[in-house]
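Below is one structure, written out as structure tokens, with a few remarks after it.
The values are calculated or read from the model by the stated rules, or taken from the named source; none is laboratory data. Every value quoted in this text rests on a predicted model; they were computed, and no experiment measured them. Every residue, glycine among them, receives a Cβ derived from its backbone with ideal geometry; neighbour counts consider all protein chains shown. Heads up: the accessible areas ignore ligands, DNA and RNA and are worked out on the full protein's heavy atoms, side chains in. Shrake-Rupley method; radii C 1.70, N 1.55, O 1.52, S 1.80 Å.
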Amino acid sequence: MNRTLPAVGMFALLVFSIALNLRPIMAAMGPLFPLLQRDAQLSAMQLSLLTTLPVIMMGLGALAGPLLLHRLGEVRGIAVGLLLLALASIARGFEQSATALITSALVAGCGIGLIQALMPAQIKRHFGAKAGTLMALFTTGIMAGAAIAAASAAPLANAQGLALTLAIPVVPAIIALLLWLTISRGIAPIHSNQPPRAARSTRAWLLMIFFGIGTGAYTLVLAWLPPFYMQHGWRPDQSGYVLGALTLTEVAAGFVLSALIHRFRDRRRPLLVVLTLILLGLISLLTLGGAQAWLPTLLLGLGIGALFPLSLIVTLDHAHTPEEAGALLSFVQGGGYLLAALMPLVAGIVRDRAASLDSAWIIMSVGIVLLMVMALRFKPQRM
């Protein structure tokens, strides 16, 4: 029996409220690093795991998207994802040991992976005419949640303590879960058959590696930009504000890209511009250290914020049908997130063995140069 779908405006609010929950559990870790070192005796590599594990689960969730859709369905799967995020946050409020933090990161990552795998399918299936707008809102909510968490984590911890700061994400998660359970009653549960798998062509692998290295720049900055500035004498709250400002710049870059990308049938030119911005941002971190933070913040925010949606657009350019697009995106994002998860871990190992994070920025710079070479192959064509 058909059910009445919620109004687009109501569903847009719901999408945004859910998206707000998908990054705080990672974005707050960098500004809290000194407290986590002191209270939980966390090493730099263990801190990296608090970002790496959720990103790994995001990759596995993307790869398993068709199976998750078939087994759980969109409505139930998203509810389970929000519940896992809430449970992970509650657990952190009670226990802040390294083992508890790493375990909760894994649980939260499962929730994030579920939601990111199923929400796009929900949007496309029921709100096809508004899918672009809703997906843009979903992405904006993700970045906004990261910005809020990065900017508020250190001040909140100083005022209320580490336990409350780590547990506070349970509040928006529960609110989003209640909203989802209420509004999704008007949406008929769908358990889809698995769509065709994407052909593992050379181009598909190239797209996956491109997405993975590019997303690695995001995960690296998310985990290690605040500790980098703390190394140069910044207070934890100040370093959190820098990450928050960078994340808001990413949001702006995504909106600008959405407005202008239709003018470029050949995506190579905007790709090279965006990658150049990221490279210059990394170079500015190496040369400026803790000075003039506005410059790397602007360069990295604009570059990383535009690269993520542009990578997905380039991927969609290489699919002929919606089914092929879904399968190709599942492969590219799944493998790409798994690859991206390595970058914060490498940085953590570097940080444990050296006093500086400069080696991590250099490694990422080499990766960006590699992406520039790869981008030249993405000329308009039919696969």
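Annotations for the structure displayed:
- Test for residue 173: is it in a helix (DSSP H, G or I), surrounded by 21 or more Cβ atoms within 10 Å (Cβ to Cβ) and modelled with pLDDT of 85 or more: yes
- Within region 46-164, helices (runs of 4 or more DSSP H) holding 1 or more residues that are open to solvent by 50 Å² or more (accessible area, probe 1.4 Å) and among the aromatic types (Phe, Trp, Tyr): 74-94
- Check on residue 47, in contact (Cβ under 8 Å) with a residue 12 or more places away in the chain, hydrophobic (A, V, I, L, M, F, W, C) and in contact with a Cys (Cβ under 7 Å, 6 or more places away or on another chain): no
- Sole exception among (1) in contact (Cβ under 8 Å) with a residue 60 or more places away in the chain; (2) within 23 Å of residue 145 (Cα to Cα) for residue 286, by number: (2)
- Residue among 32, 87 that alone is over 26 Å from residue 336 (Cα atoms) and modelled with pLDDT of 90 or more: 87
- All positions within region 335-364 that are basic (Lys, Arg) and either at pLDDT 80 or above or surrounded by 21 or more Cβ atoms within 10 Å (Cβ to Cβ) (or both): 351
- Subset of region 9-25 [open to solvent by less than 60 Å² (accessible area, probe 1.4 Å), at pLDDT below 85 and touching a helix residue (DSSP H, G or I) at 6+ places or on another chain (Cβ under 8 Å)]: 11, 12
- Looking only at residues of region 198-217 that are of a type in the set (Ser, Thr, Tyr) and surrounded by fewer than 24 Cβ atoms within 10 Å (Cβ to Cβ), we find that the one that is modelled with the highest pLDDT is 202.
- Residue within region 366-382 that is over 26 Å from residue 251 (Cβ atoms), surrounded by 19 or more Cβ atoms within 10 Å (Cβ to Cβ) and at pLDDT below 75 present: no
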